[in-house]
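Derivation of every value follows stated rules applied to the coordinates shown; laboratory data play no part. Worth saying up front: this structure is predicted, and the values here are computed from it rather than measured. As a convention, Cβ positions derive from the backbone with ideal geometry for all residues, glycine included, and neighbour counts pool all protein chains shown.
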């Protein structure tokens, strides 16, 4: 298990470094959702998230984003909706 400070730092890193990818994918999904498979988006998000050494749980369409396990029993949702990019514990 990580210390609270380590968890906070890692969550911030995931949030900051995933922002451009999620924003790009969200905009693309809005344009292409009738033609593209969301599974392809899930694979790309999963690969990027797992590079941080955390466990990817799922990608979500609404709100567009993903959920990952930061540490044992601590799941974080990162999402973009209505032009706002945010994260919260779920």
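Here are some notes:
- Residue with peak Gaussian network fluctuation, the chain [Cα springs, cutoff 10 Å], from 54, 78, 67: 54
- With the helix formula -39500 (n - 2.57) applied to DSSP H stretches of n ≥ 4, the chain reaches a computed 222 nm mean residue ellipticity of -16000 deg cm²/dmol.
- Likely footprinting exposure, 89, 28, fewest C-beta neighbours within 10 Å first: 89, 28
- Scaled radius of gyration (Cα, divided by 2.2 N^0.38 Å) that the chain gives: 1.06
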